[in-house]
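Taking it in order: structure first as structure tokens, then the write-up.
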Amino acid sequence: MNDRQMTAAEMRARTTALGLSLNQLSEIGSMDLRGVRRQAGGTTPVTPKTARAIENLEGRAKSVRESFLSAGEIELPSWGESVPGDPDLPSSFYHAVAGSVADRVTIRYAFE
């Protein structure tokens, strides 16, 4: 983690890029939703715990992205369904990661 304080705008942008809502971020990071909302709104500073949670999720996204690229094909779950083998991350996370490599791999949906 770098020494620079994450801003509220950066927090919102990075959470959105991960395909997560503030509610999902708070659940995954075991944080109070009201506190996360205050941080995203700029009412309170983004805490180191929140910044670490986002950075950890970005690391997971990088790993998933690399596995998608090496496979050459992605099968995504339906919206709202959990991913087999990784029930703690919502399908929106996988959809966002797949969107970042959509020009380089074939994407199939589980419900097709």
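The values are calculated or read from the model by the stated rules, or taken from the named source; none is laboratory data. It should be emphasised that the depicted structure is a prediction, and the values quoted were computed from it without experimental measurement. No Cβ is skipped: glycine too gets one built from the backbone with ideal geometry, and neighbour counts run over all protein chains shown.
For every residue, the table says whether it meets (1) under 22 Å from residue 102 (Cβ atoms); (2) within 14 Å of the chain's Cα centre (by Cα); (3) surrounded by 12 or more Cβ atoms within 10 Å (Cβ to Cβ); (4) at pLDDT 90 or above.
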site	(1), (2), (3), (4)
26	no, yes, yes, yes
31	no, no, yes, yes
39	no, no, yes, yes
42	no, no, yes, yes
60	yes, yes, yes, yes
65	yes, yes, yes, yes
74	yes, no, yes, no
78	yes, no, no, no
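Quick check: anything in segment 60-80 among the acidic types (Asp, Glu), under 19 Å from residue 23 (Cα atoms) and touching a residue at least 24 places away in the same chain (Cβ under 8 Å)? Checked segment 60-80: no residue is among the acidic types (Asp, Glu), under 19 Å from residue 23 (Cα atoms) and touching a residue at least 24 places away in the same chain (Cβ under 8 Å).
Scanning segment 21-56 for residues that are in contact with an Asp or Glu (Cβ under 8 Å, 6 or more places away or on another chain) and of a type outside the set (A, V, I, L, M) gives a single hit, 26. For segment 10-49, the tally of residues that are touching a helix residue (DSSP H, G or I) at 6+ places or on another chain (Cβ under 9 Å), touching a residue at least 12 places away in the same chain (Cβ under 8 Å) and over 22 Å from residue 95 (Cα atoms) stands at 11.
Look at residue 52 and say whether it is closer than 19 Å to residue 16 by Cα, exposed (fewer than 15 other Cβ atoms within 10 Å of the Cβ) and in contact (Cβ under 8 Å) with a residue 12 or more places away in the chain. For residue 52, the condition - closer than 19 Å to residue 16 by Cα, exposed (fewer than 15 other Cβ atoms within 10 Å of the Cβ) and in contact (Cβ under 8 Å) with a residue 12 or more places away in the chain - is met.
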